[in-house]
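The values are calculated or read from the model by the stated rules, or taken from the named source; none is laboratory data. Just so we're clear, the structure is a prediction, and the values are computed from it rather than from any experiment. Here the Cβ positions follow ideal geometry from the backbone for every residue, glycine too, while neighbour counts run over all protein chains shown. Each accessible area value is taken on the protein alone, full model and side chains, heavy atoms only, with ligands, DNA and RNA left out. Shrake-Rupley method; radii C 1.70, N 1.55, O 1.52, S 1.80 Å.
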Amino acid sequence: TQLLEQSPQFLSIQEGENLTVYCNSSSVFSSLQWYRQEPGEGPVLLVTVVTGGEVKKLKRLTFQFGDARKDSSLHITAAQPGDTGLYLCAGAKGAQKLVFGQGTRLTINP
Amino acid sequence: NAGVTQTPKFQVLKTGQSMTLQCAQDMNHNSMYWYRQDPGMGLRLIYYSASEGTTDKGEVPNGYNVSRLNKREFSLRLESAAPSQTSVYFCASRYRVLLETFFGQGTRLTVV
């Protein structure tokens, strides 16, 4: 059973389009993080959201934490080929454990 | 800055063989983790160590053992490898919760 469900699992769009990736759970998390992973590399942190309803922007990427701290979304505006990668959400359970979603594999076509 | 260093990067084992994956971090982090990554499954926690001298099971600990040798090093051992353990293994470390978890480059393990 996946504690964090990401959708879609695969997304292929054209350069310049907008997209949203969702991360949903029935559990409450104390914080949620988004990571991006390139082939052959480990995941790299993009953002951490802590407060319910929080919105953070990182250039063309907008991250939102749900009011109830059970879900999150990642919105990319005007996607570029450099955005291609595997996007992972991860929720903190307790003081030590980080639980990951199954990932969204994003491909931006030129 | 080396960050988190894992060895080896690639390994092929026969069923029943044993091996140890090595991991070291140079960031003075308290917590260290071992994850496995399989297609469509994301990253699943195998074992973690909240501090030197302590280890705890994660979601999928069966078939694995770990050792937190000192603050820098955290190794993962497969005593008798099985094809189901074919995966990419990531070691990670973190200073404390809410801060960034740093990952190594991964070990691609194939058990035949």
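Below is a table of values for the structure above.
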quantity: Per-residue SASA entry for A:ILE76, accessible area with 1.4 Å probe, Å² rounded to 10; calculated: 0
quantity: Members of region B:91-112 that become less accessible by 30 Å² or more once partner protein chains are added (1.4 angstrom probe, chain alone as reference); calculated: B:ARG94, B:VAL97, B:LEU98, B:GLU100, B:THR101, B:PHE103, B:GLN105
quantity: Inter-label distance, nm, simple model (7 Å from Cα along the C-beta direction), A:THR62/B:ASP38; calculated: 3.8
quantity: Percentage relative contact order, chain A, counting C-alpha pairs under 8 Å, at least six apart; calculated: 36
quantity: Charge sum, other residues only, whose C-beta stays under 15 Å from B:ASP38's C-beta, Lys/Arg counted +1 and Asp/Glu -1; calculated: +3
quantity: Selected from B:PHE90, B:PHE74, B:PHE102 as most flexible by GNM, with chain B as the system and alpha-carbon contacts under 10 Å; calculated: B:PHE102
quantity: Carbon + sulfur, % of accessible area of chain A - ligands and nucleic acids excluded, 1.4 Å; calculated: 51
quantity: Part-to-part distance (alpha-carbon centres) for region B:51-112 and region B:1-49, which is given in Å; calculated: 4
quantity: Fully extended contour minus Cα-Cα distance, from B:VAL12 to B:SER80, at 0.36 nm per residue; calculated: 23.2 nm
quantity: Compactness relative to 2.2 N^0.38 Å, alpha carbon Rg of chain B; calculated: 0.99
quantity: Positive-pole candidate from B:GLY53, B:VAL4, B:GLN17, dipole of region B:1-91, charges at beta carbon; calculated: B:GLN17
quantity: Rh (Kirkwood; distinct C-alpha pairs) - chain A, Å; calculated: 13.9
quantity: Contact order normalised by residue count of chain B, Cα under 8 Å, 6+ apart, percent; calculated: 36
quantity: Chains A and B, summed buried accessible surface - 1.4 Å probe, Å², nearest 100; calculated: 1800
quantity: Partners for A:LYS70 among lysines (Cα-Cα distance below 22 Å; same-chain residues under 8 apart left out); calculated: A:LYS56, A:LYS57, A:LYS93, A:LYS97
quantity: Heavy-atom accessible area per residue - region A:36-95, 1.4 Å, Å²; calculated: 46
quantity: Spread of Cα-to-Cα distances over 5 Å intervals beginning at zero, given as percent, for the protein assembly as shown; calculated: 1, 7, 15, 18, 19, 16, 12, 7, 3, 1, 0
quantity: Those residues of region B:27-54 for which accessible area with every protein chain present is at least 50 Å² below the isolated value (1.4 Å probe); calculated: B:LEU43
quantity: Accessible surface of A:HIS75 - all protein chains present, 1.4 Å probe, nearest 10 Å²; calculated: 60
